[in-house]
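In what follows, a structure is listed as structure tokens, so that the remarks can point back to it.
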Amino acid sequence: DEIENRPRTFLSILPFTNSGKLNLYKLGADKQALQDFYFNLGFIDAKVSDPFTNANLDSYSADIDYKIVEGKRYIVKEINIDYPKNIKVKLPKLNLKKDKYFNISALREDIKNISHAFMDEGYAYVKVYPQIKKEKNYAYITYTVIPGEIVYINDVIIEGNNKTLDRVVRRNIYLAPGDKYSYTDYIDSINSLKRKGYYEKVEIKQEKVSNNKINLKVIAKDGLSGTLRAGISYGSYTKLGYNFSI
């Protein structure tokens, strides 16, 4: 069930189900999906070969073979986050757990959440590198954080709003020139603009000015501001009728 190319079943005739047809363009993604499947079960050393596809042109069928070497299954023994101790940051709750089998999806989620925690403190260009040390059947995880410089908002540039006043857009942006960058405020600003329902398209691009300054380019393309309806009807009882609404 992890891969796109799999045998046809009696459910394959239904829409939105796997048709069982060979898709050559999905074979590369299938290999990665199998690799991640084993990584999520703790098999850090697992190796999945490239697929070997044997097509039978007479029967219009194909066999796909993978060679898989599982290797050891590792349990997480220790998790550390290494960052400059002069930085005050509220670290997130980790998805990767001690005394549980290693899980690559949890590790990727931890990298993202740790990055966001530092970005909320102004470190917009933070880098998080995972290091995995293996001993016997145990894995020791260290997230090494390189925060970089604190980044400030240089300017907020608004585009696309032909009808909506700039101040209406700007009051939904939670970051102003001179403010320290915050990932949470950045995402909340996008969501706030989308919730208004005024705009057909909402996007906030981050443009690097220097190592410690950034511009926010707000694209808020106006949508339809109203609806006009008019109609005429005729019935044997009501006779001629009309309606008009804005």
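The values are calculated or read from the model by the stated rules, or taken from the named source; none is laboratory data. All values reported here derive from a predicted model rather than from experimental measurement. Surface accessibility is based on the protein's heavy atoms, side chains included, excluding ligands, DNA and RNA. Shrake-Rupley method; radii C 1.70, N 1.55, O 1.52, S 1.80 Å.
What part of the accessible area of the chain, given as a whole %, is carbon or sulfur when the probe is 1.4 angstrom? The computed percentage sits at 51.
Over the range 63-168, Cα pairs under 8 Å with separation of 6+ residues give a relative contact order of 29 percent.
Sequentially through the range 64-77, phi angles give Karplus couplings (6.51, -1.76, 1.60; θ = phi - 60°) of 10, 10, 10, 9, 10, 10, 6, x, 6, 10, 9, 9, 6, 9 Hz, Gly and Pro residues having no value and appearing as x. Once you divide the Cα radius of gyration of the range 16-107 by 2.2 N^0.38 Å, the number left is 1.59.
Largest first, the extents of the alpha carbon coordinates of the range 103-144 on the three principal axes equal 40, 17, 11 Å.
Amide hydrogen proximity for Tyr138: with H placed 1.01 Å from N in the peptide plane, the residues at 5 or more positions away or on another chain lying under 5 Å are Ile75.
I need to check one value: relative contact order of the chain, counting alpha carbon pairs closer than 8 Å and at least 6 residues apart, in percent. It would help to have the intermediate numbers written out before the result.
Values: 443 pairs, mean separation 30.2, N = 246.
The value is 12 percent.
Normalised radius of gyration for the range 112-202, please: alpha carbon Rg relative to 2.2 N^0.38 Å, two decimal places. Show your work: numbers first, answer last.
Numbers: Rg = 18.5 Å, N = 91, 2.2 N^0.38 = 12.2 Å.
This ratio for the range 112-202 stands at 1.52.
With protein chains left intact and a 1.4 Å probe, residues in the range 70-144 average 61 Å² of accessible area per residue.
Directionally averaged projected area (the chain, Cα convex hull): 25.0 nm². Bridging of Lys194 to lysines at a Cα separation below 18 Å is possible for Lys163, Lys205, Lys217, Lys221, once same-chain residues fewer than 8 apart are set aside.
What shape does the range 1-69 have by the C-alpha gyration tensor, where a ≥ b ≥ c are the square roots of the eigenvalues, rounded means a/c under 1.5, and otherwise prolate means a/b greater than b/c and oblate the rest? Oblate, because a/c is 1.5 or more while a/b does not exceed b/c. With θ taken as phi - 60° and the Karplus curve 6.51 cos²θ - 1.76 cosθ + 1.60 applied, the whole-hertz 3J(HN,Hα) list for the range 78-92 is 8, 10, 10, 10, 9, 8, x, 6, 7, 8, 9, 9, 8, 6, x Hz, x standing for glycine and proline.
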